[in-house]
Amino acid sequence: MRLDQFIATSSLLSRKEARRAIHAGSVTVNSEIWKDTGKHIPAGAQVVLEGETLTLQGERYLMLNKPSGVVSATRDSEHPTALDLLPAELTRDLHIAGRLDADTTGLLLLTTDGQWSHRITSPKVNCPKTYQARLSTPLSESAIESLRAGVMLRNDPVPTKPAQVNVLEPDLIELTISEGRYHQVKRMLAAAGSHVETLHRQSIGDIILDPALEPGAYRELTEQEIASAG
Ligand code: URA
């Protein structure tokens, strides 16, 4: 890998800042100052930037317990974003695999691995996502059956795919869907004659929100969780 690319990937510097630091003599490779930004680094070399040894990070995979009021975006001029809840050194190149509405809480996955997030979000893969929804009014038996069979959503030409519905309390349901249409759960429940008061995502595929994570807290995914979306 080129020296400037290595610095930009393994530190908080942009590629331009990395080049500047290299030209300024702030970078050593195996204890020698290197000023050539495009020179390739030998495997296993020790690269030091202003006294700090840099290591190349691999892909990152995180789960966050998203609180209400935080937007599923990497940048927003008005509201706090999911990335604002993470330490700056983890946020470089992260993107969100499956957004949530600002008022929805629960499991949000963030990664640098585009192929991995594609497997979770691609409509072709049908990855199941489970939500708990608190409703304004309980659903009738026929409404529950219609959700299980598939419902027509306003302005969508095709019905939703069959969903799993578990009634936990009269006004609290668990809904598992395998699509990711715009505001899908809220629109499905509106089509079923109710209204979502609160919505919480519990799982995506085999990845379950860690109950030890308080709202706003995150952790890295385990190898097993990463592989489960493979
Ligand atoms: N469906 C919704 O309506 N909102 C979400 O945040 C997620 C799924």
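The values are calculated or read from the model by the stated rules, or taken from the named source; none is laboratory data. Quick caveat, the model's predicted, so the values are computed rather than measured. Cβ atoms come from the backbone with ideal geometry, glycine included; neighbour counts cover every protein chain shown. Note: areas computed on protein heavy atoms with side chains; ligands, DNA, RNA excluded. Shrake-Rupley method; radii C 1.70, N 1.55, O 1.52, S 1.80 Å.
Away from the ligand (no atom under 16 Å from the Cβ) and either surrounded by 19 or more Cβ atoms within 10 Å (Cβ to Cβ) or in a helix (DSSP H, G or I) (or both): does that describe LEU109?
no
Does ILE120 fit the bill of being at pLDDT 95 or above and of a type outside the set (D, E, K, R)?
No.
Which pairs turn up if I take residues in the stretch 58-84 that are of a type outside the set (A, V, I, L, M) and look for partners that are in a strand (DSSP E or B) and open to solvent by 70 Å² or more (accessible area, probe 1.4 Å) with beta carbon separation below 9 Å, at least 6 apart in sequence or on another chain?
ARG60/GLU220; TYR61/GLU220; ASN65/TYR218; SER68/THR198
Output the residues belonging to the stretch 20-31 that are outside any loop (DSSP other than H, G, I, E, B) and either under 15 Å from THR53 (Cβ atoms) or open to solvent by less than 90 Å² (accessible area, probe 1.4 Å) (or both).
Of everything in the stretch 20-31, those that are outside any loop (DSSP other than H, G, I, E, B) and either under 15 Å from THR53 (Cβ atoms) or open to solvent by less than 90 Å² (accessible area, probe 1.4 Å) (or both) turn out to be ALA21, ILE22, VAL27, THR28, VAL29.
Need pairs with beta-carbon distance below 6 Å; first residue more than 17 Å from TYR218 (Cβ to Cβ) and within the stretch 102-119, second within 16 Å of the ligand (Cβ to nearest atom); sequence gap 6+ or separate chains.
ALA102/VAL71; ASP103/SER68
Would you mind listing the helices (runs of 4 or more DSSP H) fully within the stretch 126-230 where at least 1 residues are hydrophobic (A, V, I, L, M, F, W, C) and assigned by TED's automatic domain parsing to the domain that holds GLY69?
Helices (runs of 4 or more DSSP H) meeting the threshold: 223-228.
Taking ALA8 as the residue in question, decide whether it is over 30 Å from VAL196 (Cα atoms), of a type outside the set (Ser, Thr, Tyr), surrounded by 15 or more Cβ atoms within 10 Å (Cβ to Cβ) and without any contact (Cβ under 8 Å) to a residue 12 or more places away in the chain.
Spelling it out, ALA8 is indeed over 30 Å from VAL196 (Cα atoms), of a type outside the set (Ser, Thr, Tyr), surrounded by 15 or more Cβ atoms within 10 Å (Cβ to Cβ) and without any contact (Cβ under 8 Å) to a residue 12 or more places away in the chain.
In the set VAL151, VAL185, which member is open to solvent by less than 20 Å² (accessible area, probe 1.4 Å), within 14 Å of the ligand (Cβ to nearest atom) and out of contact with any strand residue (DSSP E or B) (no Cβ under 9 Å at 6 or more places or on another chain)?
None of the other options fit; the residue is VAL151.
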